[in-house]
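The values are calculated or read from the model by the stated rules, or taken from the named source; none is laboratory data. Since the model is a prediction, treat every value here as computed from it, not as a measurement. Cβ: placed from backbone, ideal geometry, glycine included. Neighbour counts: every protein chain shown.
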Amino acid sequence: MSPTTTAIVTGASGSIGAAICQVLAKRGFAVVGVYRNGVEEASTLLDELRRHVPATMVQADLAEPAVAEE
């Protein structure tokens, strides 16, 4: 199945965010995960997701307004 929809998930390196990313990938969504901390967890999750769908991870603190402007 070729992904046609992309999901953006915040908190992707945490347990709930990672689980959401996994469910979306299993349903055929391309996934963009956003995380603040947990570089190793995000990297491991990214490897897993990429076995199924296009995926990327972005490290950002979305609580900082300037981040949205970047």
Near pairs, Cβ below 8 angstrom, 6+ apart or cross-chain, from the range 36-49 (free of Cβ contacts under 8 Å to residues at least 40 places away in the same chain and of a type outside the set (Phe, Trp, Tyr)) to any residue that is assigned to a helix (DSSP H, G or I) and surrounded by fewer than 17 Cβ atoms within 10 Å (Cβ to Cβ): Leu45/Gln22; Glu48/Gln22; Leu49/Gln22
Search result, residues across the range 33-70 that are more than 12 Å from Gly11 (Cβ to Cβ), of a type in the set (Gly, Ala, Ser) and modelled with pLDDT of 95 or more: Ser43, Ala55
